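Asker: Let me begin by handing over the structure; questions about it come next.
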Amino acid sequence: MLTLRLTFTYKDVRTAETILSSVGPENGNYVSTELDGTSIHYTMSAENAGTLRNTADDLLACIKIAEDAIGIVSEHISEEEED
């Protein structure tokens, strides 16, 4: 069994909670989650690397969409462009 744990840390608890609740329905029984302050820990397991990769890819796509929806990426880009 292969296991992968990913951690995402956000600027505040509210942002972390928003991302967690947005991505939660997509996870089903494939990914377990733990909210730790401003960090979300995602843990997934699979019998083979291909299945684990597919699960991780799906999770990352959902996280990206949730972050885009609340403006995390565009805020970061705007700050860089001003420098």
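The values are calculated or read from the model by the stated rules, or taken from the named source; none is laboratory data. Model, not experiment: these values are computed from the prediction. Ideal geometry is used to build each Cβ from the backbone, glycine not excepted, and the neighbour counts take in all protein chains shown.
Asker: Would you pick out the residues in segment 4-16 that are touching a strand residue (DSSP E or B) at 6+ places or on another chain (Cβ under 7 Å) and either farther than 18 Å from Ala69 by Cα or acidic (Asp, Glu) (or both)?
Answerer: Listed by number, the residues that qualify are Leu4, Arg5, Leu6, Thr7.
Asker: In addition: Of the residues Thr7, Thr43, Thr15, Thr3, which is assigned to a strand (DSSP E or B) and touching a helix residue (DSSP H, G or I) at 6+ places or on another chain (Cβ under 9 Å)?
Answerer: Thr3
Asker: Looking only at segment 41-59, filter to residues that are surrounded by 14 or more Cβ atoms within 10 Å (Cβ to Cβ) and hydrophobic (A, V, I, L, M, F, W, C); which one of those is farthest from the chain's Cα centre (by Cα)?
Answerer: Ala46
Asker: Hey, another quick one. Could you list, in sequence order, the residues of segment 1-40 that are loosely packed, with under 13 Cβ neighbours inside 10 Å, at pLDDT below 95, of a type in the set (Ser, Thr, Tyr) and under 22 Å from Arg53 (Cβ atoms)?
Answerer: Matches in segment 1-40: Ser32 only.
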